[in-house]
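Let me begin by presenting the structure, written as structure tokens, before commenting on it.
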Amino acid sequence: MHIMPGLVARKQRLVIGNWKMNGSLAQNASLLDGLRAYPGGACDLAVCVPYPYLAQAAYGLHNTAFGFGAQDVSQHDQGAYTGDVSAAMLADMGCQWVLVGHSERRQHHAETDQQVANKAQAALNAGLTPVVCVGETLAEQSAGHTLGVVARQLAPVLALGADAVNQLVVAYEPVWAIGTGKTATPQQAQDVHAAIRASLDSVGAGQVRILYGGSVNAGNAASLFAMPDIDGALVGGASLQASEFLAIAAA
Ligand code: PGA
């Protein structure tokens, strides 16, 4: 069945904080305190924290509206992969979520589209929800290659098949908007989200949630969330302040 984007019932919104390589035990404690104050609402919430702080997040977010997870995962199950962390280990720590293919991993660790898809599959095998990040660089955008880049990045993920794809989340994060204060306009983001929606739909996964990421803050979240194919946000810098992050969740 072909479902027209925008005509389907809205999916539960999802807002995920990506702490990146920030924090300390003391800083996290006050951030988690702030998050615990959230009364809950019609929105799924999670934070993806550095590995050493997973236990702190598990403890600090226990019995709250927040899930938690990691920012990367190995594509391998176990063994001689020094420094890597498996999906089973993340599940063991109580994670529900894991980012895969964040542009900073693709850029600094040369992760390929196929490795990202492998990581998504490894996460699914362990019962985690992978958040597959895609997005074009400024040069690619300027050259008019946005949709081609996103399609190339998604291809090996879509090849995992409908059962797998229906269990993941996609995050569109234009690299030029990450940490720059330069957000895509709601219409720019919507256009890419609609193309992603169509490709998900083509493998029978048109209901998958598609998050926008890149300089999302309390001031621009509502206009992004108003777009028919933007189902939430992946938030970096603004997730490091509880009040700002909760204002995005409430937008
Ligand atoms: P930003 O980061 O919100 O600081 O732009 C988003 C991300 O990289 O996930």
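Touching a residue at least 40 places away in the same chain (Cβ under 8 Å), closer than 21 Å to residue 150 by Cα and within 12 Å of the ligand (Cβ to nearest atom), is that true of residue 235?
Details: touching a residue at least 40 places away in the same chain (Cβ under 8 Å): yes; closer than 21 Å to residue 150 by Cα: yes; within 12 Å of the ligand (Cβ to nearest atom): yes.
When the stated conditions are applied, residue 235 passes them.
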Which residue, of 215, 239, 223, 243, is touching a helix residue (DSSP H, G or I) at 6+ places or on another chain (Cβ under 6 Å), over 18 Å from residue 97 (Cβ atoms), part of a helix (DSSP H, G or I) and hydroxyl-bearing (Ser, Thr, Tyr)? 223
Subset of segment 108-123 that is touching a residue at least 40 places away in the same chain (Cβ under 8 Å) and out of contact with any Leu (no Cβ under 7 Å at 6 or more places or on another chain) - its residue that is surrounded by the fewest Cβ atoms within 10 Å (Cβ to Cβ): 114
Can you find a residue that is touching a residue at least 24 places away in the same chain (Cβ under 8 Å), away from the ligand (no atom under 16 Å from the Cβ) and part of a helix (DSSP H, G or I) anywhere in segment 163-178? yes
If the requirement is being within 19 Å of residue 154 (Cα to Cα), within 18 Å of the chain's Cα centre (by Cα) and open to solvent by 20 Å² or more (accessible area, probe 1.4 Å), which of these qualifies: 96, 75? 75
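I'd like to check something: does segment 12-33 contain any residue that is at positive phi and open to solvent by 70 Å² or more (accessible area, probe 1.4 Å)?
The first filter runs over segment 12-33 and keeps only residues at positive phi, leaving 20, 23.
Within this subset, residues satisfying the condition of being open to solvent by 70 Å² or more (accessible area, probe 1.4 Å) are none.
Within segment 12-33 (the criterion being at positive phi and open to solvent by 70 Å² or more (accessible area, probe 1.4 Å)), the answer is no, since none of the residues qualifies.
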Could you list, in sequence order, the residues of segment 36-72 that are assigned to a helix (DSSP H, G or I) and open to solvent by 20 Å² or more (accessible area, probe 1.4 Å)? 36, 51, 52, 53, 55, 56, 58, 59
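State which residue is modelled with the lowest pLDDT when the search covers only segment 149-184 and only residues that are open to solvent by 70 Å² or more (accessible area, probe 1.4 Å) and at negative phi.
So in segment 149-184, the residues open to solvent by 70 Å² or more (accessible area, probe 1.4 Å) come out as 152, 159, 163, 166-167, 179-180, 182.
Now drop any that are not at negative phi, which leaves 152, 159, 163, 166-167, 180, 182.
Numbers: 152: 98, 159: 98, 163: 97, 166: 97, 167: 98, 180: 90, 182: 87.
Here the residue is 182.
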Criterion: surrounded by fewer than 23 Cβ atoms within 10 Å (Cβ to Cβ) and among the aliphatic types (A, V, I, L, M) - qualifying residue of 221, 195: 195
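The values are calculated or read from the model by the stated rules, or taken from the named source; none is laboratory data. What you see is a predicted model; the values in this text were computed from it and never measured. Positions of Cβ are generated from backbone atoms using ideal geometry, with glycine treated the same way; all protein chains shown enter the neighbour counts. Side chains included, ligands, DNA and RNA excluded: accessible areas come from the protein's heavy atoms. Shrake-Rupley method; radii C 1.70, N 1.55, O 1.52, S 1.80 Å.
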